[in-house]
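Trainee: Let me give you the structure first, and then I'll get to my questions.
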Amino acid sequence: MKKIIDRQLELGGDKPEFYEVFARRDSAEPLTHIGSVEAPNPELAEARAWFVYDHHTWREMCIVPLSAIVTITERGSNSKVKVV
Amino acid sequence: MSVINSTERLSEADQFLRDELYCIADAKLVLAGWYMMVLQNGRSIADFTSICAMMQGQYGHARALYQHLGRFGVTLDEVEWTRGAKEIRSPKLLDRPPQSWSDFVATIFMAEQAISTQLSGYRTSLADRTLARLADKILKESRFHLSYSVGWIKALRKDPASTVDEDARRRLVEALDWWGEPDQPDIVFSSGYRDAPDSDLRERFLKAVGETFDVPDGIAGHVRSWQRSIRRNGAPGIPENLFQNIRFKNRELAMP
């Protein structure tokens with residue numbers, strides 16, 4: 001039987017948002033953009049970012065809602081933030 | 001910290017501590033089984049990855065605690081391969097399988113919160129520094145498990161038809177079974193192994209739950225025949241069908 005996901009019910013009627021993930025392995029490294037996650041709220045975004053990007057033991061990690069980013073050079077392009 | 005080779009030499013306090021660690025580790029073992037069984041229901045790739053990571057985390061924590069039971073002369077082999085359904089000491093909360101995605105989310109929230117609350121009592125233990133460090137590490141890792149369930153609760157609640165609050169109310173009563181009746185003798189606390197008595201930890205748990213759900217005043221579990229050694233009412237053990245789902249099966253595939 002095909003699994004049908006009712007996004008309205010299962011995501012609580014919220015429109016999922018993208019969160020950009022930044023991290024560094026140690027204090028000598030700059031905080032670097034490592035990817036993004038989609039989530040309906042910051043709590044779920046925090047958990048998903050931590051579990052998805054667990055390829056290093058990060059010294060520091062933070063997330064920023066994509067909607068909070070004001071683009072300068074990438075204005076009008078498809079991606080607001082590019083992974084380096 | 002000394003290693004005790006024979007259970008006959010265990011002091012009363014050591015026996016109670018061993019029993020409580022069994023209960024915490026078995027709770028993590030069964031919770032890992034829950035994540036394993038629900039894994040394919042993850043709502044997105046990131047969700048699937050998160051459930052997978054939480055499952056892995058719970059298995060790791062359970063095995064680390066089982067390893068610590070070696071202090072009481074219990075071997076990993078004995079703990080993982082010789083016990084049946086009647087000897088697993090996980091909380092009653094995890095006996096009943098999830099009835100829906102919302103019930104799953106409410107249950108893992110209660111279970112993660114209950115286990116973390118109980119472990120928090122060991123974080124500053126001076127009587128067993130190895131256990132204190134282990135508890136601290138587990139608590140740091142479990143923080144993200146709680147974020148996951150709280151995030152889902154908030155998302156589900158946006159739907160007026162959501163049943164997550166009703167599911168949580170039912171599961172809260174089951175979760176309280178883990179603490180039994182307040183004001184009973186607590187040798188693990190009085191001997192200095194734990195820095196808070198069970199009654200305080202129960203209150204700490206209710207306060208933490210109250211930050212996410214409404215907790216009715218004077219809520220109590222069903223206290224009939226609570227036994228500290230298994231931290232539950234009634235007969236020991238978990239349902240046989242749950243055990244068959246979560247038990248380790250292929251010994252030749254097991255990691256040493």
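Bear in mind that the values in this text are calculations on the coordinates, not laboratory data. Keep in mind the model is a prediction, meaning the values are calculated, not measured. Glycine gets a Cβ as well: all are built from the backbone with ideal geometry, and neighbour counts include every protein chain shown.
Trainee: Which one of B:SER162, B:SER100, B:SER44 has the biggest mean-square fluctuation once chain B is modelled by GNM with Cα springs under 10 Å?
Mentor: Looking only at B:SER162, B:SER100, B:SER44, the biggest GNM fluctuation is shown by B:SER44.
Trainee: Next up: Based on Cβ point charges of +1 for Lys and Arg and -1 for Asp and Glu, what charge dipole magnitude is obtained for the range A:13-68 about its Cα centre, in debye rounded to the nearest 20? Can you show the working numbers first?
Mentor: Numbers: 5 positive and 10 negative charges, 23 e Å.
That gives a dipole near 120 debye.
Trainee: Quick one: putting +1 on the C-beta of Lys and Arg, -1 on the C-beta of Asp and Glu, what dipole do you get for the protein assembly as shown around its Cα centre, in Debye to the nearest 20?
Mentor: Working: 45 positive and 48 negative charges, 139 e Å.
Charge dipole, the protein assembly as shown, about its Cα centre: 660 debye, nearest 20.
Trainee: Charges on Cβ only, +1 for Lys and Arg, -1 for Asp and Glu, centred on the Cα centroid of chain B; of B:ILE187, B:LEU253, B:ILE51, which one is farthest towards the dipole's positive end?
Mentor: Looking along the dipole axis, the top candidate is B:LEU253.
Trainee: What residue among A:PRO40, A:PRO65, A:TRP50 has its Cα farthest toward the positive end of the dipole of the range A:13-68, where the charges are +1 on Lys, Arg and -1 on Asp, Glu, each on the Cβ?
Mentor: Of A:PRO40, A:PRO65, A:TRP50, it is A:TRP50.
Trainee: Further question: If you keep only loop residues by DSSP, which trypsin sites (Lys or Arg not before Pro) in the range B:152-256 have at most 10 other Cβ atoms within 10 Å of their Cβ? Kindly include the intermediate steps, with their values, before the conclusion.
Mentor: Numbers: sites: B:LYS154, B:ARG157, B:LYS158, B:ARG169, B:ARG170, B:ARG171, B:ARG194, B:ARG202, B:ARG204, B:LYS207, B:ARG224, B:ARG228, B:ARG231, B:ARG232, B:ARG247, B:LYS249, B:ARG251; in loops: B:LYS158, B:ARG194, B:ARG224, B:ARG228, B:ARG231, B:ARG247, B:LYS249.
Passing both the DSSP loop test and the Cβ count: B:ARG224, B:LYS249.
Trainee: If Rh is defined by the Kirkwood formula over all Cα pairs and Rg also comes from Cα, what ratio Rg/Rh do you get for the protein assembly as shown?
Mentor: On the way: Rg = 21.4 Å, Rh = 21.5 Å.
Ratio of gyration radius to Kirkwood radius for the protein assembly as shown: 0.99.
Trainee: What does the structure give for B:150-162 when I average, per residue, the other chain Cβ atoms found within 10 Å of the residue Cβ?
Mentor: Numbers: counts 5, 11, 9, 4, 7, 11, 7, 3, 8, 8, 1, 3, 3.
Mean shielding count: 6.
Trainee: Please report, for the Cα atoms of the range A:13-68, the Rg to one decimal and the Dmax as a whole number; what are they, in angstrom?
Mentor: Both quantities, over Cα of the range A:13-68: 11.4, 42 Å.
Trainee: Once both axes come from the Cα atoms, what is the angle between helix B:101-120 and the longest principal axis of chain B, in degrees from 0 to 90, rounded to 10?
Mentor: For helix B:101-120, the angle is close to 30 degrees.
Trainee: Angle between the Cα long axis of helix B:12-38 and the longest principal axis of chain B, 0 to 90 degrees, nearest 10?
Mentor: 30 degrees
Trainee: Amide H neighbours of A:ILE34 under 5 Å, counting only residues 5+ apart in sequence or on other chains, H built in-plane at 1.01 Å?
Mentor: Amide H neighbours of A:ILE34, under 5 Å, 5+ apart: A:VAL21, A:PHE22, A:ALA23.
Trainee: For chain B, what does the convex hull of the Cα positions come to per residue, in cubic angstrom?
Mentor: Details: hull volume 32.8 nm³, N = 256.
Spelled out: Cα convex hull of chain B, divided by residues, is 128 Å³.
Trainee: Which whole-Hz couplings ³J(HN,Hα) result when phi for each residue of the range B:154-169 is put into the Karplus expression 6.51 cos²θ - 1.76 cosθ + 1.60, θ = phi - 60°, listed in order with x for Gly and Pro?
Mentor: 4, 5, 5, 5, 5, 8, x, 8, 4, 9, 4, 6, 5, 4, 5, 4
Trainee: Peptide B:49-60: average number of partner chain Cβ atoms within 10 Å per residue?
Mentor: Numbers: counts 6, 9, 1, 1, 6, 2, 0, 2, 1, 0, 0, 0.
Across the residues of B:49-60, the mean count of other-chain Cβ atoms within 10 Å is 2.
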